[in-house]
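The values are calculated or read from the model by the stated rules, or taken from the named source; none is laboratory data. Please read these numbers as outputs of a predicted model, since none were measured by experiment. Glycine also receives a Cβ, built like all others from the backbone with ideal geometry; neighbour counts cover every protein chain displayed.
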Amino acid sequence: MLEFLLSPPLLLMLGSVALAAAPRSVLPRSVLRALLLALPAWSLWRFWGLDLGNHLQFDLFGQTLTLMRIDGLSRIFVVIFHLAALIGSIYSFYVKDNFQPLVGLFYAGSALGVVLAGDLWTLFLFWEVAAVSSALLVWVRRDGRALAAGLRYLGMQMVSGVLLLAGIVLLRHELGAAPGWAEFRNFTGLLEDGGLGFSNLAPTLILLAFGLKAAFPLLHSWLIDAYPESTPAGAVFLSAFTTKFAIYALARAFPGQSELIWIGGLMTAFPIFFAVIENDLRRVLAYSMTNQLGFMVVGIGIGTELAINGAVAHAFADILFKGLLFMAMGAVLYRVGHVNGSDLGGLYKSMPITTGLCIVGAASISAFPLFSAFATKSLIMSAAAHEHYFWLWLVLLFASAGVFHHAGIKIPFFAFFHHDSGIRCKEAPRSMLVAMVLAAAASMTIGLFPQWFYGLLPYPVDYQVYTPTHVITQSQLLFFSALAFATLMRTGLYPPELRSVNLDADWFYRRVGFRIQDGLATAFVALHRAGYALTGRLAATALALAQRHLGPQGLLGRSWLTASMALWVAVLLAAYLLVFYWRLG
């Protein structure tokens, strides 16, 4: 029992609940913060001492549940999730209340539960717990926009859970009670005959559930809607877990699924156009996250060992550099009150350390040599080239230039440089700076020592990233991207930063949803009124009929003579005797 409670998912979840329940008189703020850091550190230390294989298996209602399945794929996600929980907890110490770091730690535990789940029922349980706990990080901002965005976010997460549950139930129906039917495993073999669609509905629903959380095209708007509405600390936790454990789930269940190649290719390209015209810099980062997720989905779709390694490595790096960028923009939001590119600029004078750390994050996401994405994204690009996906490789090349344009240049340029907006503020709080330094150091470590990092990946890696051809090619890409940005800015052709709201795919289903809601409400009111009127008329008719027959002057209500009653009794007795003797005959 103790081993069960001390497993990494439950240790973080139950530990955060226990810390939240402890009275402040018993647990001072300094001790609480120390425990918030000790929990993920202890959990990672315990995990690292475990052997590969299945742990904590038990039977429930005839099903074998596996709380922990440790292999090369799950291990690297467990490592980065612990690091993200540690960095996010440090960053969130700027807030006076302890709600955000405690919910963030609970959310991290549920994400670990998804990654370590060895069966579909355990996966579903933690999938839903993660959905609810992550919505709290949006609502904690406590304003109307955050409340509405959190409700929409939770609704989409619940849809993902319903799709997953439906897929599990259908899979049970199709496979029967065969041993191991509920194992969380590779499902691509189930799709070989008919592919995706109604002929293979169970794995298709499971893929859609994962794809919704991974922000597939047209299903991505919940990310753009909710993440920028959360608090600075909430956005850091959100950016680390939800989409990344969805990437893990895709890599576990659907490696080599060819449809993921073009889905991922589309994901890498379309967010660039939205990010270029977006004014809210945290929304720019949300679009950039969708772009980076596309690279991971492409790698999973290609499905070779090199491609899967690339997808996993890039997910690891993305948690660090995207978290760093969200932390930098969160610091600006905390000090200035907004992150609109049209109203910022010149902040490098007030926030020089934050500026430098933001540039490290921008260089990392842009795949500068010596930074993390240079060592991770190239694995996916090389896998696409090795498998002769020429057009896909061109799309990924365009997406790489685009991400440098909107995340590598636009974010630091419009936030900290550009024109001097006249804003003067304090540097970011110490806890924010410490967390950003840790994320920046980790990102640079991956870029500086890629071979050491490759040793954590699921499959053996025989790849040299620092070759003259790769370094020169990437440097040329970055140089000409920067030249294009400078040219557009100097000529006035670059889209200006406007105080505006950009419409995305959610506009369609939100408008349609509101219209359906209004139509249903109108129909319900009309049916209610018609039903009320009909019920009134029927009641009135029934009362009139009862009054006619049962009233004082009615046939059944008035007094009858004794002789008449005796006659009727005799008639009924005669009728009974006739029927009785007829039945005997």
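Having 1 or more residues that are over 23 Å from Ile80 (Cβ atoms) and touching a strand residue (DSSP E or B) at 6+ places or on another chain (Cβ under 8 Å) is the bar; report the helices (runs of 4 or more DSSP H) wholly within the stretch 1-61 that clear it. Give the derivation first.
On the way: elements: 2-5, 8-21, 29-48.
Counting at least 1 such residues, we get 2-5.
Quick check on my filter: what residues within the stretch 91-101 are in a helix (DSSP H, G or I) and more than 19 Å from the chain's Cα centre (by Cα)?
Of everything in the stretch 91-101, those that are in a helix (DSSP H, G or I) and more than 19 Å from the chain's Cα centre (by Cα) turn out to be Tyr91, Ser92, Phe93, Tyr94, Phe99.
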> When the residues of the stretch 76-95 are filtered to those that are touching a Lys or Arg at 6+ places or on another chain (Cβ under 9 Å) and not hydrophobic (A, V, I, L, M, F, W, C), which remaining residue is surrounded by the fewest Cβ atoms within 10 Å (Cβ to Cβ)?
Replying inline: Tyr94
>> I need every pair where a residue in the stretch 104-129 that is outside any helix (DSSP H, G or I) has its Cβ under 8 Å from the Cβ of a residue that is among the hydroxyl-bearing types (Ser, Thr, Tyr), sequence separation at least 6 or different chains.
In response: Ala117/Thr66; Gly118/Thr66; Asp119/Thr64; Asp119/Thr66
> Quick one: which of Ala240, Ala253 is in contact (Cβ under 8 Å) with a residue 60 or more places away in the chain and within 19 Å of Gly303 (Cβ to Cβ)?
Replying inline: Ala253
>> Given the criterion within 30 Å of Arg33 (Cβ to Cβ) and at pLDDT 95 or above, identify the matching residue among Val138, Val115, Val95.
In response: Val115
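A quick yes/no check of all residues on (1) surrounded by fewer than 23 Cβ atoms within 10 Å (Cβ to Cβ); (2) touching a residue at least 60 places away in the same chain (Cβ under 8 Å); (3) not small (Gly, Ala, Ser):
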site: Phe374; (1), (2), (3): no, yes, yes
site: Lys377; (1), (2), (3): no, yes, yes
site: Ala385; (1), (2), (3): yes, no, no
site: Ala401; (1), (2), (3): yes, yes, no
site: Ala407; (1), (2), (3): no, yes, no
site: Pro429; (1), (2), (3): yes, yes, yes
> Which of (1) on the phi < 0 side of the Ramachandran plot; (2) more than 17 Å from the chain's Cα centre (by Cα) does Val297 not meet, given it meets every other one?
Replying inline: (2)
> Has the stretch 317-324 got any residue that is more than 30 Å from Tyr348 (Cβ to Cβ) and of a type in the set (Asp, Glu)?
Replying inline: no
> Mind checking which residues of the stretch 260-277 are closer than 16 Å to Leu212 by Cα and in contact with a Pro (Cβ under 8 Å, 6 or more places away or on another chain)?
Replying inline: Ile263, Leu266, Met267
> Can you name the condition, by its number, that Pro255 falls short on among (1) assigned to a helix (DSSP H, G or I); (2) at pLDDT below 95; (3) under 28 Å from Val78 (Cβ atoms)?
Replying inline: (1)
>> Checking the condition surrounded by 15 or more Cβ atoms within 10 Å (Cβ to Cβ) and more than 19 Å from Asp318 (Cβ to Cβ), which residue from Phe414, Phe390 passes?
In response: Phe414
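Yes/no matrix, rows are residues, columns are (1) more than 20 Å from Ala233 (Cα to Cα); (2) outside the structural domain of Thr290 (by TED's automatic domain parsing); (3) assigned to a helix (DSSP H, G or I):
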residue: Thr354; (1), (2), (3): no, no, yes
residue: Phe368; (1), (2), (3): yes, no, no
residue: Ala375; (1), (2), (3): yes, no, yes
residue: Met381; (1), (2), (3): yes, no, yes
residue: Ala384; (1), (2), (3): yes, no, yes
residue: Phe414; (1), (2), (3): yes, no, yes
residue: Val437; (1), (2), (3): no, no, yes
residue: Ala440; (1), (2), (3): no, no, yes
